[in-house]
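One structure below.
The values are calculated or read from the model by the stated rules, or taken from the named source; none is laboratory data. Please read these numbers as outputs of a predicted model, since none were measured by experiment. In this analysis, Cβ positions are derived from the backbone assuming ideal geometry, glycine residues included, and neighbour counts consider all displayed protein chains.
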Amino acid sequence: MIAALKPAMESADCNVKEATANRIECKRPRNTIGENGYGGESVTAELKAQATKTRVRITTGKGFYGRLGKGNWSIPIYEQMIKNLKQPEH
């Protein structure tokens, strides 16, 4: 699962900062060009085993600075992770 999450995060311009077997965290770069700076979100994915399945919880931390201009990256990263899991291994 982590193997599919890391490239999914990177596809959203999110640089992986920390990864363990149960948790992966990345940070998007801050853009300060223009009136409203944006970016700087941190995205955390936590994996938890539940019987024969794995539960994945992806959250986007927006912090305080520039909060209104920041986006929620949880869904795009989740959707890309699913695409990565469906691709055949080489």
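For region 16-29, the condition of being buried (at least 17 other Cβ atoms within 10 Å of the Cβ), of a type in the set (Asp, Glu) and modelled with pLDDT of 95 or more holds for at least one residue.
One residue alone among Gly34, Gly63, Gly40 is in contact with a Lys or Arg (Cβ under 6 Å, 6 or more places away or on another chain), over 15 Å from Ile75 (Cβ atoms) and modelled with pLDDT under 90, and that residue is Gly40. In region 38-59, the residues that are free of Cβ contacts under 8 Å to residues at least 24 places away in the same chain and among the hydroxyl-bearing types (Ser, Thr, Tyr) never reach a residue that is exposed (fewer than 12 other Cβ atoms within 10 Å of the Cβ) and part of a loop (DSSP other than H, G, I, E, B) with C-beta atoms less than 7 angstrom apart, at least six apart or across chains.
When His90 is tested against the conditions (1) surrounded by fewer than 16 Cβ atoms within 10 Å (Cβ to Cβ); (2) farther than 12 Å from Met1 by Cβ; (3) modelled with pLDDT of 95 or more, the lone failure is (3).
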